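Report on one structure; see the data block that follows.
The values are calculated or read from the model by the stated rules, or taken from the named source; none is laboratory data. Remember, it's a predicted structure, so these values are computed and weren't measured experimentally. Using ideal geometry, Cβ is built from the backbone for each residue, glycine included, and neighbour counts are taken over all protein chains shown.
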Amino acid sequence: MPPGSWRGTVPMADRTIRLRVNGKTGEGVAEPRVTLLDFLRDTLRLTGTHMGCEHGICGACTVLFDGAPVRSCLIFAVQAEGHDITTVEGLADAAGDLSVLQDCFWETHALQCGYCTPGMLIAAQALLRRNNDPDDSEIRDAISGNLCRCTGYGQIVEAIRLAADRLNQRSRPGNAS
Amino acid sequence: MTSADHPYRYVGRQRRTKEDRRFIAGQGRFVADISLPDMRHVAPVASPHASARILSIDADAALALDGVHAVLTGAQLQTGIEPIQHGVPAPDIRWYPLAHEAVCYAGEWVAAVVADSRHIAEDAAELVDVRYAETPAVVDPEVAFDATDALVHPAHGSNVLFHRKFVWGAVDDDFAAADHSLSFRVKWGRNSTVPIETFGVVAQWQPGDGLLDVWASIQMPKYSDQIAESLRLAGNRIRVHQDVDVGGSYGVKRGLKHAILAGYLARELGFPIRLIEDRLDNMSGGDAHGPDRIFDMDVAFNDDGTITSMKIRALDDCGAYPGRAPLQLGKPVGSIVGPYRIGSVAYEAISVCTNKTAQVAVRGFGQAPTNFAIETAVDKVARFLDLDRIELRRRNFIRAEDFPYTIPSGTAYDSGDYHTVQQKVADLIDYQGLITRRDAIRDRGGLAGIGIASCLEPGGGNAAFEPLFNPSNDTTTWMESCTVKVDRLGDVTVLICTSSAGQGHQTLAATVVGEVLHIDPAEIRVVHSDSLSSLPGNSPVASRMAIMLGGAAQRAAEAIRDRLIAIAAHNLGSPGSALVYADKSVHVADDPSTGLDWQALVRICHRQYHLMPPGMEPGLQASHTLQVPNGGTMPAEDGRVQMYPCFSFEAHIPLIEIDRGTGKVRIHDYAIAHDCGTVISPAIVKGMLLGGIAHGIGAALYEKFEYDSAGQHLTGTFMDYLLPSAHEIPEIKMAEHCTPSPLTALGQKGAGEAGYMGSAAAIASAVNDALLPLGLEANTLPVKLGMLSEMLKDHI
Amino acid sequence: MKAAAFDYTRPRDLPDLLRQLAGSTDAKIIAGGQSLVPMMAMRLVRPALLVDINDVQDLQTIALEDDGVVIGACTRQADAEKSDIVREHLPLLAAALPFVGHDQTRNRGTVGGSLAHADPSAEIVLVATALQAELTLARSSGTRISSARDFLAAPMTTTLDEDECLIAIRFPRWTEAGRLGIGFHEVSPRAGDFAVVAVAAQLLIDQAGICRRAAVAVANAAPMPIRLTTVEAALLDTAVDRKSAREAAALADDLLDPPSDLHASAAGRRHMARTLIERAILDAAGLVAGHGSHG
């Protein structure tokens, strides 16, 4: 601390942080106090994950952490060292493609400004992974930690239901597409 | 493809939007995504006091911190800039991005730290030592109105920013002649749209060009002009990049102070400046609160249910600085009697200053609170007369055959069929069945209520409230522009002159242009030109873009089409009247084999001047700047004015239940019928409507900026200011109706504020219907859990 | 909203953790961080050192013992929610967990973290109070056991010493013969918010339908969650019915000292508490409460 002040703070030494992001190694240097959100955006330049509140309420920063959806604003990047992160940029199989879920968001216009959308997609992806036939109340519950100010959620619920239907059709024998 | 039923190829069809794809791939381009070399970061130092004099600011400790470049104070800043302009005359209220001499609300910015990172900027902001002498805060707007010595801005001489009483028609006579009258008070709580993206700006001074580049999360008319004026720069020395994606706005993204501050710092310090509000900055210091209004209402009516006259007194708490906030009392003048045939009306509009965060334009610009007050009056009349609330509305609605219909305040409504839309929502939700369900819940001891709200959404925005509220302002146009150009390869690019915040303007423009030129909108590129390369525009406010951008795009595309016909006429030796444009070619009407196709026509325009009609300019491009339909006149002496041109209509019916043991509200069912004329993009209109309803449910039940008696803001985080989640918003049933506007090319009206116009009123109506059996009334929004639990504590 | 600077360490096992705690000043343990990180972001908490216990595997276990279920302090709330042991043997905790935040926070937030944070409206704190959980606190020199009541000293305040770490929570099982009934009711403005008022009830009803054991606790109707002893006493050795449930709930009134805040007044909370206590008792007694009050 600077002499004579209780409020000051001395930046800590930067650390090299290495994690798996969207199947690739992501490495960067940051202070311990840098959140995973800021590290993804500012250091790795994966700007699809968004900052909304930085106190864990809005869900815009949701990413998959070892497969489970979490708030990246509530994890320090240094804590993610060695862990596996999926962001919106990693939802499709190949760069430039769209996943079925993403495509359904487009088809139903499940977004307007697009700001909450990446977090919403991640939450929906996690839901469909654990429950391939969610009903509307399960869908609403799964996205209830993600705030959207544009849509009123209706078309998002439609998109997730549509994606579940499509994914189920695809996985049914004889329905390979 | 087209038919008598559906005359359009692309308009009104279910189609994918142009914008969504980049967002779902995580490839939006938001302001916080911009990273420039050597960019520095700003953190504001905020006042902890609602009202105080600034005695001193000591930034030495902050400046000593490694990585800190500057600490700017209000005293330094105000010498280099002009104050931010207000929408009403208040020359002695000097508003700067950083407070100077005094702070007027808790959270007001008093200094700005510039550092290598936001982290370091925040470290340094803590070290800026500001000494204050607290002064008494003005918190209650009614006290503020009467105050003579407790003033937010002593130089202004009072706390009143605007006060005028309009009387249109024989109000006193009508009240005297009426069988009954009722008086009541309702309050609309301080809430806002609170987008998930906070406001942000990046500014870069280009010394070689003498040009300030601005990237901002902006939705605001005349933004670049106002930055230029404040920074004392020529208008052509500011370039606002309007291709920045805006992460939600709904009116509030108006960061003028942010851009002035960032622009000033960029020029002074010589490196790019990034100022992205964090959530705490945003909630308390972002100057983005919404209307906060007390309505005192009197309504006169007869035994048969006819409402004959109304008196509305609206006292709005605008917060610390006026800006454009008082004008939000002006816009409702253009629909001051709602959808009803009310023959006379008095409207007393009062805007006062208090020591609270400043207010800004919020979705509907004051219309939703006014609709809530009017709908409450209608409900109360029905209750008084023991008439069904829908029936009472039917008796008072303007009839379909009465349009265009001029209301007492001078605005003509373009078209509508309120009876049919009301019937559609009643049918959709099975109104009689709903009453049965409500009564069944009541029979088992529950508190159930049906809400009714039937509200207008004025659209098209002509800013007539500016001259109405400010005698020195003679603005009578609020134009919007569009350019269509066809390149040498024959591909079409459309230039629009504003940024977008999710309203789908690229889809809108491409759909309209594609419709005219018979080109798949998916193949049309739409570009947001920067403010220097833009033609005049006034941004996507006021539910205006379908009308204004849609109209401008259509005219520009028609000009292209007409040119192609003229070129074909010249080359085919036929009169233009004998030719038709179809499927990207022009051919002789009765001989489709004789004509010129698209590539041939484009080739003529771009290469073969010798084949063009004499005098026609080469290339293939057209622009149109559209004047607002029905606009262009100044208000009359008594304030009568044509406010907006087009009037959309929506009828809501929710069924709610209040848990009598806890006060918790559940929305069981919700239906809406909606008429915005011709729908251009159904998915977009649907989204607007659903989002607007959700926003209104927030305003009715959850969202409020709360202050304590000392002016401390108590809801500065998302833990205290409650945005509804997918749990709180029910599935919504929708019915569309189309009464085309006679004023627009396709019959379209506005939809950007749809849903929000009536959902808060509808929920309030339902809450009061539910409380009726207990003899209780909730007249203040939001009706929060705490309020209901308190009311119900003796009614277990 | 960037945290003040801190140093960071991530011990690999319990001895390492306790050694590091012993040698530090102004250290703060981070488990899930779902409450701590927001407070750090607002600079309301600013430790010099953050000791991350997420790699200490011993703290992430759920073990069934004869008379209790022992949950490692760093067990994710989501893992506890999914645990068959918890579902079968700690139904009250299982009922409470879905009310804790959202999926995304439960995937990271921990059972022990919630207790160590001691938010008076937290569901896990309420259940620990209702069931009289025992907490194991460790330091390099040894461990001690604390009752939930002693540990949860005051709002946001525990008796945990600076060099101590909460390592496990033992929730007693009621293994006597009979039917175990539970009820958990909460009112919050929105689903997933902290409770404005919450009530947890657990009853053991014997074959004759007589209540043999009762635990009823309320959160946010007093400064910290409290057991409603007079309510419990009224239920004991009786056959609980609608009338007695209502009468018992009314007895809570004297024990309550509700706070008043933005979300509800003291009187409003009293009203909610009375309602929820009755409903939780009815649920626990196997009588349908009639009103769901999720959210």
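Condition check ((1) touching a helix residue (DSSP H, G or I) at 6+ places or on another chain (Cβ under 6 Å); (2) at negative phi) across all residues:
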{"residue": "A:82", "(1), (2)": "no, no"}
{"residue": "A:113", "(1), (2)": "no, yes"}
{"residue": "A:121", "(1), (2)": "yes, yes"}
{"residue": "A:127", "(1), (2)": "yes, yes"}
{"residue": "A:130", "(1), (2)": "no, yes"}
{"residue": "A:141", "(1), (2)": "no, yes"}
{"residue": "A:150", "(1), (2)": "yes, yes"}
{"residue": "A:160", "(1), (2)": "yes, yes"}
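Can you report the number of residues in the range A:20-61 which are more than 12 Å from chain B (Cβ to nearest Cβ) and in a strand (DSSP E or B)?
Summing the residues that are more than 12 Å from chain B (Cβ to nearest Cβ) and in a strand (DSSP E or B) in the range A:20-61 gives 8.
Between C:70, C:45, which is touching a helix residue (DSSP H, G or I) at 6+ places or on another chain (Cβ under 6 Å) and either away from every other protein chain (no Cβ under 14 Å) or among the aliphatic types (A, V, I, L, M) (or both)?
Working: C:70 fails: touching a helix residue (DSSP H, G or I) at 6+ places or on another chain (Cβ under 6 Å).
From the options C:70, C:45, the qualifying one is C:45.
Please specify each residue of the range C:48-67 satisfying the condition of being away from chain A (no Cβ under 12 Å), under 21 Å from residue C:122 (Cβ atoms) and not polar (S, T, N, Q). Please lay out each step first, then the result.
Within the range C:48-67, the subset away from chain A (no Cβ under 12 Å) is C:56-67.
Still in the list and also under 21 Å from residue C:122 (Cβ atoms): C:59-60, C:62.
Of everything in the range C:48-67, those that are away from chain A (no Cβ under 12 Å), under 21 Å from residue C:122 (Cβ atoms) and not polar (S, T, N, Q) turn out to be C:59, C:62.
Identify, from the list B:754, B:766, the residue that is surrounded by 24 or more Cβ atoms within 10 Å (Cβ to Cβ), farther than 30 Å from residue B:198 by Cβ and of a type in the set (A, V, I, L, M, F, W, C). Before you say what the answer is, go through the steps one by one.
Numbers: B:754 fails: farther than 30 Å from residue B:198 by Cβ.
Selected residue: B:766, the only one of B:754, B:766 that is surrounded by 24 or more Cβ atoms within 10 Å (Cβ to Cβ), farther than 30 Å from residue B:198 by Cβ and of a type in the set (A, V, I, L, M, F, W, C).
Any chance the range B:730-744 includes a residue that's at pLDDT 95 or above and within 14 Å of chain C (Cβ to nearest Cβ)?
The initial filter retains those residues of the range B:730-744 that are at pLDDT 95 or above, namely B:730-744.
From what's left, within 14 Å of chain C (Cβ to nearest Cβ): B:730.
Within the range B:730-744, one or more residues are at pLDDT 95 or above and within 14 Å of chain C (Cβ to nearest Cβ).
As an exercise: evaluate residue A:99 against (1) within 26 Å of residue B:13 (Cα to Cα); (2) within 10 Å of chain B (Cβ to nearest Cβ); (3) touching a residue at least 40 places away in the same chain (Cβ under 8 Å) and give the number of the one condition it does not meet.
The number of the failed condition is (3).
Under the condition of being touching a helix residue (DSSP H, G or I) at 6+ places or on another chain (Cβ under 8 Å) and part of a loop (DSSP other than H, G, I, E, B), which residue from the range A:97-111 is surrounded by the most Cβ atoms within 10 Å (Cβ to Cβ)?
If we take residues in the range A:97-111 being touching a helix residue (DSSP H, G or I) at 6+ places or on another chain (Cβ under 8 Å) and part of a loop (DSSP other than H, G, I, E, B), then A:110 is surrounded by the most Cβ atoms within 10 Å (Cβ to Cβ).
Only residues that are among the hydroxyl-bearing types (Ser, Thr, Tyr) and either surrounded by fewer than 20 Cβ atoms within 10 Å (Cβ to Cβ) or in a helix (DSSP H, G or I) (or both): list them for the range B:690-715, please.
First, pick out the residues of the range B:690-715 that are among the hydroxyl-bearing types (Ser, Thr, Tyr): B:702, B:707, B:709, B:715.
Within the range B:690-715, B:709, B:715 meet the criteria.
In the range B:124-174, which residues are among the β-branched types (Val, Ile, Thr), over 29 Å from the mean Cα position of the chain (by Cα) and not in a helix (DSSP H, G or I)?
B:128, B:130, B:135, B:148
Out of (1) over 22 Å from residue C:158 (Cβ atoms); (2) more than 9 Å from chain A (Cβ to nearest Cβ); (3) in contact with a helix residue (DSSP H, G or I) (Cβ under 9 Å, 6 or more places away or on another chain); (4) not aliphatic (A, V, I, L, M), what's the single condition that is false for residue C:11?
It fails just one condition, (1).
Report yes if some residue within the range B:207-217 is of a type in the set (Gly, Ala, Ser) and surrounded by fewer than 23 Cβ atoms within 10 Å (Cβ to Cβ); otherwise report no.
Within the range B:207-217, one or more residues are of a type in the set (Gly, Ala, Ser) and surrounded by fewer than 23 Cβ atoms within 10 Å (Cβ to Cβ).
Among the residues of the range B:268-280, is there at least one that is of a type outside the set (Phe, Trp, Tyr) and within 23 Å of residue B:390 (Cα to Cα)? Steps first, please.
The initial filter retains those residues of the range B:268-280 that are of a type outside the set (Phe, Trp, Tyr), namely B:268-270, B:272-280.
From what's left, within 23 Å of residue B:390 (Cα to Cα): none.
Looking for residues that are of a type outside the set (Phe, Trp, Tyr) and within 23 Å of residue B:390 (Cα to Cα), one finds none in the range B:268-280, hence no.
Condition first: buried (at least 24 other Cβ atoms within 10 Å of the Cβ) and either more than 12 Å from chain B (Cβ to nearest Cβ) or not in a loop (DSSP other than H, G, I, E, B) (or both). Now tell me which residues in the range A:79-96 satisfy that.
Kept after step one, since they are buried (at least 24 other Cβ atoms within 10 Å of the Cβ), are these residues of the range A:79-96: A:79-80, A:85, A:87-88, A:91.
The answer is A:79, A:80, A:85, A:88.
Which residue, of B:43, B:121, is within 14 Å of chain A (Cβ to nearest Cβ), surrounded by 22 or more Cβ atoms within 10 Å (Cβ to Cβ) and under 30 Å from the mean Cα position of the chain (by Cα)? Show your work before the answer.
Values: B:121 fails: under 30 Å from the mean Cα position of the chain (by Cα).
Going through B:43, B:121 in turn, the sole match is B:43.
Pick from B:648, B:725: which is facing another protein chain (nearest Cβ under 8 Å) and either surrounded by 21 or more Cβ atoms within 10 Å (Cβ to Cβ) or modelled with pLDDT under 95 (or both)?
Details: B:648 fails: facing another protein chain (nearest Cβ under 8 Å).
Exactly one of B:648, B:725 is facing another protein chain (nearest Cβ under 8 Å) and either surrounded by 21 or more Cβ atoms within 10 Å (Cβ to Cβ) or modelled with pLDDT under 95 (or both), namely B:725.
Given the options C:288, C:240, C:218, C:231, name the one that is within 14 Å of another protein chain (Cβ to nearest Cβ) and touching a residue at least 12 places away in the same chain (Cβ under 8 Å).
Working: C:288 fails: touching a residue at least 12 places away in the same chain (Cβ under 8 Å); C:240 fails: within 14 Å of another protein chain (Cβ to nearest Cβ); C:231 fails: within 14 Å of another protein chain (Cβ to nearest Cβ).
Within the list C:288, C:240, C:218, C:231, the selection yields C:218.
Starting from residues that are out of contact with any Leu (no Cβ under 8 Å at 6 or more places or on another chain) and among the small types (Gly, Ala, Ser), keep the ones in the range B:258-303 and report whichever is farthest from residue B:78 (Cα to Cα).
B:300
Listed residues B:762, B:754, B:770; which is away from chain C (no Cβ under 14 Å) and part of a loop (DSSP other than H, G, I, E, B)?
Values: B:762 fails: part of a loop (DSSP other than H, G, I, E, B); B:770 fails: part of a loop (DSSP other than H, G, I, E, B).
When all the criteria are applied, what remains is B:754.
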